[in-house]
Protein chains: 2
Amino acid sequence: MQKATRQQTKEQNRNLVLKIFFERSSISRAEIARMTHLTRTTVSDIVADLIEEGLVAEIGLGSSTGGKSPILVSLVDNSRYFIGIDLAYNMFCGAIINLRNQISNMVCLPADGMDGEKSLKAIFEILDPLTRSDCQPILGIGVGTPGLVNSREGIVVNAVNLGWYDLPLARILESRYRLPVFLLNDCQAAAMGEFIYGQSPPASPNMIVVRAGHGIGSGIIINGQLFQGDGGAAGEIGHVVIVHKDGLPCRCGNFGCLETVASARAVVQQAQSLAGNSIAAQAGKDPHSVTLETLEKAVENGDEAALQIVVQAGKYLGLAVASLVGMLNIHNVVLMGEMTRFGNPWLKAIRDTVAKTALSRLTRDATIHIGSLRENGVILGAAASMVSDYSLLFGNTHLIVEQSHLINSVERAREQQLSLD
Amino acid sequence: MQKATRQQTKEQNRNLVLKIFFERSSISRAEIARMTHLTRTTVSDIVADLIEEGLVAEIGLGSSTGGKSPILVSLVDNSRYFIGIDLAYNMFCGAIINLRNQISNMVCLPADGMDGEKSLKAIFEILDPLTRSDCQPILGIGVGTPGLVNSREGIVVNAVNLGWYDLPLARILESRYRLPVFLLNDCQAAAMGEFIYGQSPPASPNMIVVRAGHGIGSGIIINGQLFQGDGGAAGEIGHVVIVHKDGLPCRCGNFGCLETVASARAVVQQAQSLAGNSIAAQAGKDPHSVTLETLEKAVENGDEAALQIVVQAGKYLGLAVASLVGMLNIHNVVLMGEMTRFGNPWLKAIRDTVAKTALSRLTRDATIHIGSLRENGVILGAAASMVSDYSLLFGNTHLIVEQSHLINSVERAREQQLSLD
């Protein structure tokens with residue numbers, strides 16, 4: 001709890017006006033005053049500041065409602081930029097995002113099986129050209145990474161695939177690029193992306209986003225904010241034990257984890273080890289070359305064994321979704337990731353399992369559907385954590401801040417938004 | 001997002017000062033100014049208002065730190081009251097709680113197997129004398145009820161034991177007593193009680209409170225606030241299916257729910273149906289008369305069969321706790337309810353199961369312990385939802401408000417606290 005100072009009041013009112021500019025393509029000062037209940041003078045002062053900083057501009061006259069035609073003001077889409085990074089298991093991608101969440105300058109590098117140092121160098125190879133691009137000023141870098149992340153301290157605690165253990169990635173990138181950096185788990189980033197940019201505006205401020213691909217994870221949005229838990233790992237469902245007897249060994253060291261039965265990796269392995277492999281035969285290939293694509297083809301062609309693999313994976317994922325829905329009573333469940341390619345049979349297996357497992361009164365209002373963002377979900381979501389940080393939009397040059405300041409500033413901004421949204 | 005008005009600023013500063021009075025036994029104006037960074041004039045004005053309203057009073061002189069001895073000001077513990085109600089399955093209890101959370105005027109009625117109308121009448125029998133007691137003014141009534149509750153609308157959606165379906169209980173009580181009423185699920189109320197009044201101050205703003213008694217439920221505290229989910233049923237783990245093959249029928253209509261294997265009811269049934277019943281024999285009773293108390297005695301006396309029943313119940317509850325901890329990554333887990341009487345063997349079974357089931361990095365920082373509040377947890381928690389609503393402390397008489405206003409005022413206050421805490 002902090003005292004409300006005049007400065008805070010001013011910032012809050014400025015953020016209120018900014019939020020409207022982000023939501024509307026263009027708007028008049030009078031309309032802003034009407035929507036915010038701020039005085040016309042206050043609105044005019046704020047807009048004058050924003051115009052001077054280049055964040056918004058007058059773009060012409062609106063239609064009159066009787067008197068003089070009002071001057072329309074709009075966000076300048078390309079007046080500020082952010083960078084979003086997705087460290088996927090086989091490909092690192094980065095891109096520049098403007099204030100309207102338009103993506104440009106995408107850079108991707110293959111990234112299979114690298115060690116810790118190579119992983120880091122690959123990020124530099126992506127960020128070096130992006131930070132030097134013509135899109136300036138860049139206000140910050142959002143990074144979605146697999147594994148366990150401590151967002152507050154900017155540390156990748158554990159990312160097996162990338163060979164990172166307790167890596168202070170935010171600090172490393174901040175000192176190299178002199179830009180604020182926000183790290184978060186890739187599934188959490190994807191969840192933010194889906195919540196903010198997904199097709200339909202969410203009816204509730206709560207959402208569960210489950211991402212089933214090479215690994216499995218989820219992001220939990222509570223009251224419009226990503227909930228990361230005490231250790232940053234909220235939503236990490238991939239290693240919940242789901243097969244309690246004779247489960248397969250998991251890369252985490254345990255047995256019978258959700259990832260061993262419901263991930264893209266798991267279904268490919270199952271397809272490869274099918275006796276008298278009809279899927280491989282169909283594709284004219286040897287069993288070990290069966291991929292997610294051949295499995296998908298086989299399902300489309302009505303191969304019963306292939307369908308069973310997909311349906312069983314859906315049932316297992318359904319058990320985890322049922323747990324999440326049952327425990328959190330969140331209605332809006334969105335599915336993302338490579339497994340969504342299997343569409344209806346997979347989705348139906350998940351829905352049926354949830355309906356059977358969770359309390360009917362908890363699930364009858366739940367909707368489970370496949371998300372609208374495809375490959376750019378993590379990049380958009382990682383950048384979104386920065387875009388929504390209005391405090392970064394102060395001043396008219398990009399920020400060069402000390403690490404400790406940055407973390408605090410991001411934290412502060414998030415806390416503020418909690419109260420302002 | 002709302003504009004920051006002068007009125008809001010004033011309320012925020014007043015709440016800030018009030019919060020300090022709630023936290024400290026007594027304090028000087030100068031110390032408040034130092035802690036809040038408000039000016040001495042602002043603090044003096046606020047304190048003058050609070051004194052006039054009777055909420056705080058000067059109680060004497062503090063020790064001097066050089067100059068004049070400061071006047072100490074303190075909350076007047078008995079200047080305002082709240083009522084808390086616990087509708088437990090065999091007993092309805094209500095009591096008056098003062099501003100220091102001291103309980104008085106406890107009224108209890110046996111409540112086993114009543115129908116809907118009788119249940120309601122029993123509440124009137126408790127509330128009629130409480131609302132007319134000498135403890136005045138009473139500012140509100142908090143009710144913790146079993147079943148599914150829509151807190152926003154003040155409706156008990158479904159409480160099988162009480163015979164209530166879609167009962168607008170808040171409206172009924174508000175029109176009878178002309179007082180604001182806040183309804184919530186009893187496990188959620190208990191969670192609030194434990195979070196606010198539990199022995200050790202929580203290290204994190206997040207907490208999971210699992211209540212295992214006649215039924216099983218939990219309350220999830222996120223960012224210092226009770227998270228109720230979209231439908232009010234967040235934390236309702238009692239009916240998560242935990243026995244997937246040949247599960248026992250549950251009162252909810254499903255099979256193998258957590259309640260069928262880990263509740264007080266379940267262990268008593270198991271003890272009663274033990275072949276060659278050593279527990280009953282030990283107590284010199286026939287098998288059907290075995291109760292939770294005889295089972296507890298048997299465990300204490302080293303009865304192996306009794307111990308097995310308790311340990312197995314703990315293991316099943318451990319699976320649900322592991323799911324919660326694994327999915328939410330919340331470190332602080334508190335256990336409440338009648339099952340806690342079994343102490344260490346039960347607790348150890350839960351802890352071992354969680355350690356085995358959830359990811360080690362998620363559980364190594366988790367602490368699972370038995371809560372400090374006993375029978376009054378629900379009453380305190382239900383009242384706490386009202387006490388912490390500072391907006392009810394405005395003015396110097398108790399509020400008589402329209403239903404719609406009340407709901408909004410509580411909602412508003414909760415939203416404000418989200419930003420102020």
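For each pair in A:LYS348/B:LYS245; A:LYS348/B:LYS315; B:LYS245/B:LYS356; B:LYS19/B:LYS68; A:LYS118/A:LYS297, compute the distance between the two Cα atoms and list the pairs where it is over 30 Å.
Flagged as over cut-off: A:LYS348/B:LYS315; A:LYS118/A:LYS297.
If you take every residue apart from A:PRO345 with its C-beta less than 13 Å away from the C-beta of A:PRO345, what net charge results, scoring Lys and Arg +1 and Asp and Glu -1?
Neighbour charge sum, excluding A:PRO345 itself: -1.
Based only on Cα atoms, what Rg/Rh ratio does the stretch B:296-358 have, Rh being taken as Kirkwood's radius?
Rounded to two decimals, Rg/Rh equals 1.02.
When the convex hull of the Cα atoms of the stretch B:173-233 is projected onto a plane and the area is averaged over all directions, what value comes out in nm²?
If you wrap the Cα atoms of the stretch B:173-233 in a convex hull and average its projections, you get 5.6 nm².
Hey, how much of the P(r) for the stretch B:8-77 falls beyond 13 Å, as a percent of Cα pairs?
Tail fraction, whole percent: 61.
If I model the stretch B:160-261 as equal point scatterers sitting on the Cα atoms and use the Debye formula, what is log10 I(q)/I(0) at q = 0.12, 0.20, 0.21 Å⁻¹?
Here the Debye-derived log intensity ratios amount to -0.52, -1.09, -1.13.
Rounded to the nearest 5, what % of DSSP beta bridges with both residues in the stretch B:143-202 are antiparallel?
If we restrict to bridges inside the stretch B:143-202, about 65 percent are antiparallel.
Suppose you put the label 7 Å out from Cα in the Cβ direction; list, shortest first and in nm with one decimal, how far B:ILE71 is from each other copy's label.
Nearest first, the other copies' label points are 5.4 nm away.
Are there trypsin sites (Lys or Arg not before Pro) in the stretch B:32-96 that DSSP marks as loop and that have at most 11 other Cβ atoms within 10 Å, and which are they?
B:LYS68
Within the stretch A:5-109, report the GluC sites (Glu not before Pro) that DSSP leaves as loop and that have at most 16 other Cβ atoms within 10 Å.
A:GLU53
At B:ARG152, label 7 Å along Cα→Cβ: distances to the other copies, nm, ascending?
3.0
Pull up the DSSP beta bridges for the stretch B:46-170 and report the antiparallel fraction as a percent, rounded to 5.
Taking every DSSP beta bridge with both residues in the stretch B:46-170, the antiparallel ones total about 80 percent.
Return the loop-located GluC sites (Glu not before Pro) in the stretch B:63-168 (DSSP other than H, G, I, E, B) with at most 12 other Cβ atoms within 10 Å of their own Cβ; answer none if there are none.
Listed in order of number, the matching sites amount to none.
Give me the three principal axis extents of the stretch B:115-183 from the C-alpha atoms, as integers in angstrom, largest value leading.
35, 25, 17
Note down the nm distance, to one decimal, between modelled labels 7 Å out along Cα→Cβ at B:TYR197 and at A:SER64.
About 6.7 nm separates the two model spin labels.
None of the figures in this text is laboratory data; all of them are computed from the coordinates on show. Small disclaimer: the values here were computed from a predicted structure and weren't measured. When we count neighbours, we look across all protein chains shown, and the Cβ atoms used for this are built from the backbone with ideal geometry, even at glycine.
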